[in-house]
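Q: The structure's right below; bear with me while I get my questions together.
The values are calculated or read from the model by the stated rules, or taken from the named source; none is laboratory data. Since the model is a prediction, treat every value here as computed from it, not as a measurement. Neighbour counts are summed over all protein chains in view; Cβ atoms, including those assigned to glycine, are modelled from backbone coordinates with ideal geometry. Side chains included, ligands, DNA and RNA excluded: accessible areas come from the protein's heavy atoms. Shrake-Rupley method; radii C 1.70, N 1.55, O 1.52, S 1.80 Å.
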Amino acid sequence: MQGCRACDNCFSKENKACIFNDDFNELASLMAESDVIIFCTPLYWYSFPTQIKAAIDKFYSFIIGKKDVPIKECMLLSCGELEDPHVFDGIVRSFELIAQDRGWKNRGHYLVNSVNEKGAISNTEHLQKIYDIGKKF
Ligand SMILES: Cc1cc2nc3c(=O)[nH]c(=O)nc-3n(C[C@H](O)[C@H](O)[C@H](O)COP(=O)(O)O)c2cc1C
């Protein structure tokens, strides 16, 4: 997925969200039939990694194309290496503003500090907790 080029041709051809064909068009189709969106991501430099940010940038196509998606609620799941809980301040604020902008009810966030090595989260209670939260959606 590449970032948005701000060409403003969203939904202008074959009802594709983006004329630069990449996986966002499939994501946009999925979003068009979803009630909920969960952002599930590692923390990169106190923010979203490039790959997730590229998808978020292309949410712009819904505005330019005047397309409503049925999403009503959203949640943020993230994990990071460092211990300080404040490392998530930036991504949480960004997520809150995106939710507000899109009119999606913010169902909150679940953040996990101090996980870095592959599989580290498996040794914690967090996956079960997130599974239980997911079941309530
Ligand atoms: C490019 C890069 C940037 C990162 N930036 C942060 C950071 O700002 N704060 C932090 O706590 N961890 C940071 N990390 C560590 C990851 O968030 C951490 O290893 C996480 O557990 C990776 O999750 P994953 O295995 O699901 O990809 C960074 C890792 C990479 C590769």
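Q: Roughly how many Å² is the accessible area per residue of segment 55-137, as a whole number, for a 1.4 Å probe? Before the final figure, lay out the partial values.
A: Numbers: 5210 Å² over 83 residues.
Per-residue accessible area for segment 55-137 comes out at 63 Å².
Q: Need one number: convex hull volume per residue for the chain, Cα atoms only, in Å³.
A: 113 Å³
Q: Among F137, N9, C40, whose Cα lies farthest out toward the positive end of the dipole of the chain, if unit charges sit on the beta carbon of Lys, Arg (+1) and Asp, Glu (-1)?
A: So the residue furthest toward the plus end is N9.
Q: Here is a further query. Provide the percentage of antiparallel DSSP beta bridges, counting only those with both residues in the chain; round to the nearest 5.
A: Looking only at bridges with both residues in the chain, the antiparallel portion is about 5 percent.
Q: Compare N116, N25, N106 in a GNM of the chain, Cα atoms joined below 10 Å, and give the one with the largest fluctuation.
A: Largest GNM mean-square fluctuation: N116.
Q: Sorting check: for 31-37, 127-133, 53-59, which peptide has the highest mean count of neighbouring beta carbons within 10 Å, and how do the rest follow?
A: Put in order of decreasing packing, that is 53-59, 31-37, 127-133.
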